[in-house]
Amino acid sequence: MVRYIVKRVLMMIPLLLGITIICFFVMHLAPGSPTDLQTEMNPKASAEMKERLRALYELDKPVHIQYLSWLKKISRGDLGTSFSTDRRPVAAKIMERLPVTILISLLSLFIVIAVAVPIGVLSAVHKDSLFDKVTAVIVFIGFAVPTFWLALLLMIFFGIHLGWLPVSGLRSLNYEYLGFWEQWVDLLKHLILPVFVSAFGGLAGLSRYMRANMLEVIRQDYIMTARAKGLSERNVIYKHALRNALLPAITILGLAIPGLIGGSVIFETIFAIPGMGQLFYMSVMARDYPTIMGILLIGAILTLVGNLIADVSYAVADPRIRMS
């Protein structure tokens, strides 16, 4: 197992390099330039000033030279300096916002697993029952409803009409004057809507995958044999069938790790949450190339790590799988 993991980690290096090459060149194909956005609204900006800005950002060099310069910085652990007016290091800007995004993503992933797996199992065990039909309708709604539209509806209903939950940010204006437990309650209130919106789509998808996998597994001969031996239905379902039905779902969960980070762009922008998704959106609008590449690099690493976790989890869930 250790040898397999080391081999996979070494294979991740050229894959990561290829991903960064594609992202870097595609990013430069997008219309607009950081210097244009900073000077077009300034009537005093001359052509010479624009050229100085291009030289400052090294945009006057060929794209492949810019990429090699960026790669050299990355090899030293330096994500570069932001093109924004604050000229802050990209790593510092990301580290400020990364904990918020990770917190929301982990909470969403926990909810998806805790709710979707039991729903999928019960829907398969009680196939064509009222519970199966009701959950199917809810799941199809989850697939069909756009995330941004659902977020706006929840903000209008719970935030404006009922006034139960805040609709933006992570803290209230009087947060610093609240007691310890009141601060926690305030934080939880701000997290309810973003976490729900983040988990809703994944909840619908994983529950359907679990239902389909369970329906296939419970028709297998070894399940019939377990029942014929007199094992209780609970042991048959949750001890024998569920473990094998989890194998395809593990792949989905492995890929869900980077998906949650990428999906944060939508709900963090809508709910004005200072996370990595909002930073990515603002960086794209400002053509802040170093910040964009820094966030894309983290997303690529999470994708590769998620695939590795899925493969290793396969062996843990099913001892029949051997890795050489």
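Do we have any residue at all in the range 137-148 that's under 30 Å from THR291 (Cβ atoms) and in contact (Cβ under 8 Å) with a residue 24 or more places away in the chain? Yes, some residue in the range 137-148 is under 30 Å from THR291 (Cβ atoms) and in contact (Cβ under 8 Å) with a residue 24 or more places away in the chain.
Results for (1) of a type outside the set (Gly, Ala, Ser); (2) under 30 Å from ILE250 (Cα atoms), shown as yes or no for each residue.
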{"position": "SER69", "(1), (2)": "no, no"}
{"position": "GLY77", "(1), (2)": "no, no"}
{"position": "SER82", "(1), (2)": "no, no"}
{"position": "ALA91", "(1), (2)": "no, no"}
{"position": "GLU96", "(1), (2)": "yes, no"}
{"position": "PRO99", "(1), (2)": "yes, yes"}
{"position": "LEU103", "(1), (2)": "yes, yes"}
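Somewhere in the range 212-224, is a residue touching a Pro at 6+ places or on another chain (Cβ under 8 Å) and closer than 21 Å to LEU107 by Cα? Within the range 212-224, not a single residue is touching a Pro at 6+ places or on another chain (Cβ under 8 Å) and closer than 21 Å to LEU107 by Cα. Screening the range 18-29 for residues that are under 21 Å from the mean Cα position of the chain (by Cα) and in contact (Cβ under 8 Å) with a residue 40 or more places away in the chain and picking the one that is surrounded by the fewest Cβ atoms within 10 Å (Cβ to Cβ) gives MET27. Under the condition of being modelled with pLDDT of 85 or more and open to solvent by less than 50 Å² (accessible area, probe 1.4 Å), the residues counted in the range 152-164 number 2.
Show the residue pairs that are 6+ apart or on different chains and have beta-carbon atoms under 8 Å apart, the first residue being within the range 296-319 and of a type in the set (Phe, Trp, Tyr), the second being open to solvent by less than 20 Å² (accessible area, probe 1.4 Å) and at pLDDT below 80. Short answer, once both residue conditions are applied: none.
Applying the selection to the range 202-240, what residues are among the small types (Gly, Ala, Ser), open to solvent by 20 Å² or more (accessible area, probe 1.4 Å) and in a helix (DSSP H, G or I)? Listed by number, the residues that qualify are GLY202, ALA212, ALA228. Looking only at the range 302-324, residues that are at pLDDT below 60 and farther than 25 Å from LEU16 by Cβ come to 2 in all.
Taken together, SER123, SER108, SER84 contain a single residue that is part of a loop (DSSP other than H, G, I, E, B), surrounded by 13 or more Cβ atoms within 10 Å (Cβ to Cβ) and among the hydroxyl-bearing types (Ser, Thr, Tyr), which is SER84. The number of residues in the range 168-201 being open to solvent by 70 Å² or more (accessible area, probe 1.4 Å), assigned to a loop (DSSP other than H, G, I, E, B) and either out of contact with any Leu (no Cβ under 8 Å at 6 or more places or on another chain) or among the polar types (S, T, N, Q) (or both) comes to 2.
Scanning the range 90-105 for residues that are among the charged types (D, E, K, R) and open to solvent by 60 Å² or more (accessible area, probe 1.4 Å) yields a count of 1.
The values are calculated or read from the model by the stated rules, or taken from the named source; none is laboratory data. None of the values given here were measured: they were computed from a predicted structure. In this analysis, Cβ positions are derived from the backbone assuming ideal geometry, glycine residues included, and neighbour counts consider all displayed protein chains. Only protein heavy atoms, including side chains, enter the accessible area calculation; ligands, DNA and RNA are left aside. Shrake-Rupley method; radii C 1.70, N 1.55, O 1.52, S 1.80 Å.
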